[in-house]
Amino acid sequence: MVHTFQIKDKNIALDVNSGCVHVLDKLCYEIVSALEPPLTKETPEFLYGAIQDEPREDIDEAYSEIYELYSDGTLFSEDSYENIALDMKKRSPVKALCLHVSHDCNLRCKYCFADEGAYHHDRSLMSAEVGRRAIDFLIKNSGSRRNLEVDFFGGEPLMNMSVVKSTVEYAREQEKIHGKNFRFTITTNGLLLNDENTEFINKNMYNVVLSLDGRREVNDKMRVRADGGGSYDIIMPKLKKMADSRGQDNYYVRGTYTRNNLDFSKDVLHLADLGFKQTSVEPVVGDESEDYMIRREDLPKLFEEYENLADEYVRRRADGRWFNFFHFMIDLEQGPCVIKRLSGCGAGCEYLAVTPDGDIYPCHQFVGHEEYKMGNVADGEISSEIRETFENCNVYTKPSCRDCFAKFYCSGGCMANACLLCGDINTPHELSCELMRKRVECSLYIKACEAE
Amino acid sequence: MKRIKTLNSAVLKQSAAKGGCGECQTSCQSACKTSCTVANQKCEQSK
Ligand code: SF4
Ligand code: SF4
Ligand code: SF4
């Protein structure tokens, strides 16, 4: 499968199965777009008729370059991954947990999927005991995997800092006994950050996700305090301090954009202007009856935003104002193996979420949806039925992913969105797909610009 | 090549043979976490 697209002055062909990215001149672009494999050594006759404004020898020359890539296996290469997909992830060990240490939050963000932290239940905090049980559960189910991950999540995890600390301490003790290596991360709105917990976090956490939506007026419209006021002025300086204290690395400041700020590139650039070097701003996803949800008719505007952001991104990275934007990061040479790319997020098998009560769900987004409850860390058993449903889902089990050029970059989309919004684990959320595909195109376009 | 510039080698095919160890970070691409779009993740084997 070859995906051809044009952004601004770049003509790009992505050979999906080999992962090769080719930047083409206009004539080659026209030819590649018209070809179907298998290719013949000689220029196919129909091309001379289809491309009338170019001399024959130019067409021959262009075709011979294309044919060379084809014979090298870097264009129109074959899909040899389906069999790998068939027996992937069977009985794969658990290697990551999302610990909901706090089902309570000190903000009232309007788009919160977690029902403002409560997850459709009473507000509650995880006990130290459940934290320990969760670590035991992870170690016990991790088989031969050495690197294990624990993300402290909420609600707002800093509201239960004592359990964050005791769980980290316990895991550090246990990792030595069992030959494991724990990596901790935390996702926080930053409101409770102070010198003391910053120090603890910097010492122990591999990555930190800090939430901020961008410009003050954009942030304060959605990310509001319990008393209804905005959060930007309190939070922004704290996040800045945190990011600086980590040497502007191993963290992300992340935001959510909604229908209220379709010009979200301004928010990304605002974060960059504030001095944040690691940024991420993503579309809100959820029930389309809400007036802040992205609609299909917004796509052209959003596509334009991504393209313009891409240009500004290239410009700034070249002129000394370097920053990262999460969705434009693609490693063309050393990214993950194809097996990883096929299997996706691992929710429901490699990655599980644990609630304050110790209940286990396929991932943080499923928490509170009773029908997806898989078990409890107290006895450590998990539903094999739910697990198998998730294990058996990959890029090749979803008809729309199988034919999608972005499949090895997206890895099949969010299963929570598929289940909860589309009613079927094998039906990705189409609007999210459209945006994903655009981001992949823009990322490749950036690579093409940076290769000049 | 005069008309085509190729940006990378056929990494995906090569990775099929030796990949799949599972030691890398899990990825999540939802709007509430920032750990995925798989393509920007690091492979533990390539360090
Ligand atoms: S660490 Fe590398 S080889 Fe192992 S599964 Fe991850 S991407 Fe593949
Ligand atoms: S963009 Fe959508 S169709 Fe394409 S791989 Fe991702 S989830 Fe599947
Ligand atoms: S199902 Fe969605 S929200 Fe859950 S871990 Fe996967 S990508 Fe993230």
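Across region A:309-323, not a single residue is classified as touching a residue at least 24 places away in the same chain (Cβ under 8 Å), more than 16 Å from ligand 2 (Cβ to nearest atom) and facing another protein chain (nearest Cβ under 9 Å).
Filtered by the rule that a residue be of a type in the set (D, E, K, R) and modelled with pLDDT under 95, region A:47-77 gives a lone residue, A:Asp53.
Within region A:384-427, the set of residues being more than 11 Å from every other protein chain (Cβ to nearest Cβ), within 16 Å of ligand 1 (Cβ to nearest atom) and in contact with a Lys or Arg (Cβ under 6 Å, 6 or more places away or on another chain) comprises just one member, A:Glu391.
Filtering region A:338-365 to residues that are hydrophobic (A, V, I, L, M, F, W, C) and surrounded by fewer than 24 Cβ atoms within 10 Å (Cβ to Cβ) leaves only A:Ile339. Hey, does region A:31-46 have a residue that's in contact with a Lys or Arg (Cβ under 9 Å, 6 or more places away or on another chain) and open to solvent by 40 Å² or more (accessible area, probe 1.4 Å)? Checked against the condition, which is being in contact with a Lys or Arg (Cβ under 9 Å, 6 or more places away or on another chain) and open to solvent by 40 Å² or more (accessible area, probe 1.4 Å), region A:31-46 yields no hits at all. Restricting attention to region A:427-434, does a residue exist that is more than 16 Å from ligand 3 (Cβ to nearest atom), in contact with a helix residue (DSSP H, G or I) (Cβ under 9 Å, 6 or more places away or on another chain) and under 21 Å from A:Arg341 (Cβ atoms)? Looking for residues that are more than 16 Å from ligand 3 (Cβ to nearest atom), in contact with a helix residue (DSSP H, G or I) (Cβ under 9 Å, 6 or more places away or on another chain) and under 21 Å from A:Arg341 (Cβ atoms), one finds at least one in region A:427-434, hence yes.
Screening the candidates A:Asn194, A:Asn207, A:Asn160, A:Asn147 for the property of being within 30 Å of A:Asp263 (Cβ to Cβ) and among the polar types (S, T, N, Q) yields one hit, A:Asn207. If you check A:Glu371, A:Glu430, A:Glu381, A:Glu350 for being within 16 Å of ligand 1 (Cβ to nearest atom) and of a type in the set (D, E, K, R), only one passes: A:Glu350. May I ask you to list the residues in region A:393-452 that are near ligand 2 (Cβ under 8 Å from one of its atoms), open to solvent by 30 Å² or more (accessible area, probe 1.4 Å) and of a type in the set (Gly, Ala, Ser)? Answer for region A:393-452, where residues must be near ligand 2 (Cβ under 8 Å from one of its atoms), open to solvent by 30 Å² or more (accessible area, probe 1.4 Å) and of a type in the set (Gly, Ala, Ser): A:Ser400, A:Ser432. Looking only at region A:47-84, count every residue that is assigned to a helix (DSSP H, G or I) and either of a type in the set (D, E, K, R) or open to solvent by 30 Å² or more (accessible area, probe 1.4 Å) (or both) and tell me the total. Qualifying residue count for the region: 18.
The values are calculated or read from the model by the stated rules, or taken from the named source; none is laboratory data. None of these values were measured; they are calculated from a predicted model. Every residue, glycine as well, gets a Cβ built from its backbone with ideal geometry; the counts of neighbours run over all protein chains shown. Heads up: the accessible areas ignore ligands, DNA and RNA and are worked out on the full protein's heavy atoms, side chains in. Shrake-Rupley method; radii C 1.70, N 1.55, O 1.52, S 1.80 Å.
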